[in-house]
Amino acid sequence: MNIIEIENLTKRFKDNVALDNVSLTIQRGEVFGLLGPNGAGKTTLIRLLIGLIKPTSGTARIQYNGLGPFDINKDIMEIRKKASLLPQEADVYENLTAKENIMYYGQIYGNVPNGEVRRRTEELIDMIGLRGRENDITKEFSGGMKRKVLVARALVMDPDLIFLDEPTTGIDILGARTVRNLIKRLAKELNKTVILTTHDLSEVEELCDRVGILVKGKLAAIGSPDELEQQFTRAHLEDVFIGLTTGEGVLEEDLTTKKRRGFISRILRRR
Amino acid sequence: MSTVKQIMALVKQELQSARRTRYVIFTFVLMPIFMWGLQGGVQMLLGFVMGSSQEGVTIFFVNYDEGNTTFDLNLGDEFLDKLKNATQTNTSILHGAKINHIKYVNMDYDDLYQKIHNSETASDYTPCIIIPKNFTQVYLDFNVTEGDIPPVVELYSLPGGIIGSSMLEAGVWSIVSEFNIVEYHKVVSFASSPVIFSKEEGAASSYGLGFVAMISIMVAVLAPAPFVSTSFAGEREKKTMESLLALPISRFNILLSKLLAGMALIGIFALMNIAGLFLFSAMIDVAAGSIGEEEYSSIFAIEPSPIMLVLVVSMMLLSAFVAIGIGISLASLTNDVRSAESMYNMFMMVPAMGVGFIGMFGGIPERAFGGAGVILYIIPWAHSISILSKGLYPQTYASSALTRGLPGGGIAMDLVIHFGYLIIVILICLFIASKVFEREGILT
């Protein structure tokens, strides 16, 4: 069942078309990766879906379990009640402790008792490995620890839909592993839908059920990593990505008709 | 209820963050004490010279002295000469004042006295120095050992700024002293009489009130700068803004929460200002006692009455509200705390200081301020000072009410106008701030 249906979504900033007529669907419980070079429109898409900016045209509908569908043009507060965002460039409130940072966001949701917020906060502190530091002011935390606090903060209200913009950036290997395991658990065990942007293709291959590749605001390709590799006849997703984004052309093969389109300029292969 | 809970959570976070930030302790708690203490210390050490408001202080002088034809002496005229010299002398406390000895010279004493003591007309006739008709003769005949009553110089003034200030009293007293030749048993007595209308307390020092207005306004306007900058531009600089805006709370409620947090801090600040005020008053009393300069005590001392304290706190809250409203719009346009603070200070400092200094010298409530008053009253904080002055001394300022002459006009209507202007400015500032905050560009 689709949790998100995006139809012809376009966003224009003055003369710049940041997102150009994008249509796609995302299924419940899916980990959907958004790939693209810088400026491709990944963050713009996320911001549109969470209502930080308004679309120039088009729409998207979000359907939660038993709630919705909600239109991003009209029902953004309803969407946000069950969604959370961890932006690419985000930081903690340095004058608050880790626990206060997490609880603060839980309290903003407004309709949950403080006791429940507190319980969830304690769970998340254990989950992300911050036990023992939860009452320390986050100004003293390393970048990786701050990132963990941010992930916990994004999850405090048990959202159905989670937008993670480069969630493992700046975290050490162990921390990144923790976050990835958490994402897998969210999707597989708890049936959360995760939309993830990252530049780490190994992360995409490990975590994502499907990937959408944005190039200059357009959706250049969509599918599971394996499907994309097959479709573009590449051994690795990275090659597909580079080919699409550099405009060097890729070999497209229609899997059903096995026809070769034949506009190869250069093929990168990695064994 | 959910919205209220959200707003309270935001306010709590702002106050928690502020509490752990050094600037808050300094700005909102220590600075008022520091400012008042510093002023008290400076006044104790340096004294003060009466300056003039922009249009000059006009002192009316009426000489009824008939003089003494035998000695071809008119001490009233001599007094006038000395008074004029004092206004030209840089070191004189009366430097800058203007003497008008023409305007009421043809009024008889009783009529003049009535006009001075009429709340509708008082400001047109004060401050006024009157030399009685037998001044010279009484002086010549006076002998202190014989228990005679010396001649009197009468000074009538209104409390409120420099025009009614005890600074004037001190300046006139110094001239009176020049006539006191004790070894020849010749003295002049000086009767300085603030014009007190019924139900008003005579201010211990009207200059003190101006001082309260100046310090309170300046600090109320400038103190919120770090909070506003950090709370808005700081969120963008520290990359916490986007996450906050993605929560299920409207931007308007976020704005409102930050505003409420700011006002809570200003409330603390206002209370500390009151504490500073008492400190200042105590310091002046100590200084006056230690150096025997009682005129300093009378010039600067403040007697904080309950109504004064209520008006001071109200004035500060309203002024700070306006300042924060403007500051939010400015801070939302900048990307970092330093730029936000610079813009805030640039926009606020000059008008606040200008209004503060003019208010200190009592120019704001005076109708005599003329055309410049129109420009002055565009600045919201001029209205705050007027609320304080007119609220404390409604009868004193009745004769200089802006709405005097209009049907139903007077101090009450003036106060409504002043309050109303501040409220309108606050609403406009909030509207603009909400529009600035709603921009998509606030994310970038």
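The numbers here are math on the coordinates, done by the rules we state, and not lab data. Note that the structure is a prediction, hence the values are computed from the model and not measured. Note that each Cβ is placed from the backbone with ideal geometry, even for glycine, and that neighbours are counted across all protein chains shown.
Within the straight-line cut-off of under 18 Å between alpha carbons, the aspartates and glutamates reachable from A:K54 are A:E5, A:E7, A:D15, A:D20, A:D71, A:D75, A:E78, B:E242, B:E438, B:E440, sequence neighbours fewer than 8 places apart in one chain being disregarded.
FRET efficiency for the pair B:E438 and B:Q114, taken as 1/(1 + (r/R0)^6) with r the Cβ-Cβ distance and R0 = 51 Å, rounds to 0.25. Inter-part distance, the range B:87-101 to the range B:105-164, computed on C-alpha centroids, equals 19 Å. So if we plug the beta-carbon distance of B:Y64 and B:V374 into 1/(1 + (r/R0)^6) with R0 = 41 Å, what FRET efficiency do we get, rounded to 0.05? Working from the Cβ atoms, E equals 0.60. Rg and Dmax of chain A, both derived from C-alpha coordinates alone, stand at 19.5, 62 Å.
Treat the range A:37-114 as a sphere of radius equal to its Kirkwood radius over Cα pairs and apply Stokes-Einstein at 37 °C in a medium of 0.692 mPa s; give the translational diffusion coefficient in µm²/s, rounded to a whole number. Calculated translational D: 226 µm²/s. With the simple spin-label model, which puts each label point 7 Å out from Cα in the Cβ direction, the B:R251 to B:D148 separation comes to 8.3 nm. Beyond 22 Å in Cα-Cα separation lie the following of the pairs A:K14/A:K216; A:K148/A:K192; A:K14/B:K435; A:K11/A:K218; A:K188/A:K216; A:K148/B:K238: A:K188/A:K216.
The Cα-based radius of gyration and maximum Cα-Cα distance (Dmax) for the protein assembly as shown are 36.9, 135 Å. Counting every other Cβ atom within 10 Å of each residue's Cβ, B:I379, A:I108, B:I33, A:I173 order from fewest to most as A:I173, B:I33, B:I379, A:I108. For a paramagnetic label modelled on A:R12 (point 7 Å from Cα along Cα→Cβ), amide N atoms under 20 Å away are absent within the range A:75-93. Entry for the range B:58-194 at q = 0.10, 0.16, 0.18, 0.19 Å⁻¹: log10 I(q)/I(0) = -0.32, -0.82, -1.02, -1.13, Debye formula applied to identical alpha-carbon scatterers, no solvent contribution. Show which aspartates and glutamates lie in cross-link reach of B:K82 when reach means a straight Cα distance below 13 angstrom and same-chain residues fewer than eight apart are skipped. Within the straight-line limit of under 13 Å, B:K82 reaches these aspartates and glutamates: B:E178.
Does anything in the range A:201-233 have its amide N under 20 Å from the 7 Å Cα→Cβ label point of A:I173, and if so which residues? Under cut-off, by backbone N: A:201-207.
Hey, which of these cross-link pairs are over 22 Å Cα-Cα: A:K74/B:K5; A:K139/B:K239; B:K103/B:K390? Don't skip to the answer; put the middle values down first.
Numbers: A:K74/B:K5 24 Å; A:K139/B:K239 14 Å; B:K103/B:K390 27 Å.
Checking Cα-Cα distances, A:K74/B:K5; B:K103/B:K390 exceed 22 Å.
Per-residue ellipticity at 222 nm computed for chain A from its helices equals -10000 deg cm²/dmol, with DSSP H segments shorter than 4 residues left out and the rest contributing -39,500 (n - 2.57).
Applying the Karplus relation 6.51 cos²θ - 1.76 cosθ + 1.60 with θ = phi - 60° to the range B:260-267 yields 3J(HN,Hα) values of 4, 4, x, 5, 4, 5, 5, x Hz, where x marks Gly and Pro. Between A:D200 and A:D126, the modelled label-to-label distance comes to 2.6 nm, taking each label 7 Å out from Cα in the direction of the beta carbon.
FRET efficiency for the pair A:N135 and A:M77, taken as 1/(1 + (r/R0)^6) with r the Cβ-Cβ distance and R0 = 30 Å, rounds to 0.40. Note on B:247-254: average number of Cβ atoms from other chains within 10 Å of each residue's Cβ is 5.
Approximating the spin labels as points 7 Å out from Cα along Cα→Cβ, the B:L73-to-B:V29 distance works out to 6.6 nm. For the range A:94-158, the alpha carbon positions stretch 32, 22, 17 Å along the principal axes, listed from largest to smallest.
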